[in-house]
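Chemist: Dropping the structure in here first, questions after.
The values are calculated or read from the model by the stated rules, or taken from the named source; none is laboratory data. Note that the structure is a prediction, hence the values are computed from the model and not measured. Please note: Cβ atoms are built from the backbone with ideal geometry, for glycine as well, and neighbour counts cover all protein chains shown.
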Amino acid sequence: MLRYVVVDDVGTVINRLTLEGQIHGGVVQGVGQAFTEHLVYDRDSGQLVTGSLMDYGLPRADEVSALETDENPVPTKTNPLGVKGAGEAGNVGALAAIMNAVVDALSPLGIAHIDMPATPEKVWRAISAARRA
């Protein structure tokens with residue numbers, strides 16, 4: 001990822017710093033789900049192989065581009081402060097944006113779909129299959 005921009009409607013903004021933190025966290029959660037987070041089980045025993053944070057692919061700060069955030073606040077009428085939740089807001093758009101970007105980059109090869117996570121191995125297999133076809 002070279003650049004990521006997100007604009008969201010979170011209602012009334014009370015604290016911009018914590019709001020940006022919530023959105024950044026959600027986006028990075030989406031990055032992980034789209035690229036690296038994958039449960040792996042041993043074929044013979046059924047034992048979870050990726051059972052610790054040493055084995056499970058969570059994105060780290062050095063693996064994520066800078067995130068640009070902005071908001072288009074439309075206060076809700078369902079509570080007196082006009083606030084809306086922002087905890088998962090970054091995640092919702094990230095999954096579609098990232099996976100569509102991956103497929104768009106591979107579309108010249110005729111690739112129209114890749115399941116999450118788009119690991120290097122899955123991308124390589126998709127490219128290899130497209131070249132054989």
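Matching residues to (1) of a type in the set (Asp, Glu); (2) at pLDDT 90 or above; (3) loosely packed, with under 10 Cβ neighbours inside 10 Å:
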position: 32; (1), (2), (3): no, yes, no
position: 38; (1), (2), (3): no, no, no
position: 41; (1), (2), (3): no, yes, no
position: 45; (1), (2), (3): no, yes, yes
position: 49; (1), (2), (3): no, yes, no
position: 54; (1), (2), (3): no, no, yes
position: 63; (1), (2), (3): yes, no, no
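Chemist: Sticking with this structure for a sec: Give me the pairs: first residue in segment 80-101 and touching a residue at least 40 places away in the same chain (Cβ under 8 Å), second residue assigned to a loop (DSSP other than H, G, I, E, B) and among the aliphatic types (A, V, I, L, M), beta-carbon distance under 6 Å, and six or more apart or on different chains, which are they?
Modeler: Close Cβ pairs satisfying both conditions: 84/10; 86/10.
Chemist: Residues of segment 1-36 being in a loop (DSSP other than H, G, I, E, B), touching a Ser or Thr at 6+ places or on another chain (Cβ under 9 Å) and either closer than 20 Å to residue 118 by Cα or of a type in the set (A, V, I, L, M, F, W, C) (or both), which ones?
Modeler: 1, 2, 3, 36
Chemist: Next question. Name the pairs: first residue in segment 61-73 and closer than 18 Å to residue 34 by Cβ and in contact (Cβ under 8 Å) with a residue 60 or more places away in the chain, second residue among the charged types (D, E, K, R) and surrounded by fewer than 11 Cβ atoms within 10 Å (Cβ to Cβ), Cβ to Cβ under 6 Å, at least 6 apart or on different chains?
Modeler: Here the result reads 65/3, each pair linking segment 61-73 to a residue that is among the charged types (D, E, K, R) and surrounded by fewer than 11 Cβ atoms within 10 Å (Cβ to Cβ).
Chemist: Now for a separate question. Among the candidates 78, 119, single out the residue that is farther than 16 Å from residue 26 by Cβ and more than 23 Å from the chain's Cα centre (by Cα).
Modeler: Just a single option satisfies the conditions, and that option is 78.
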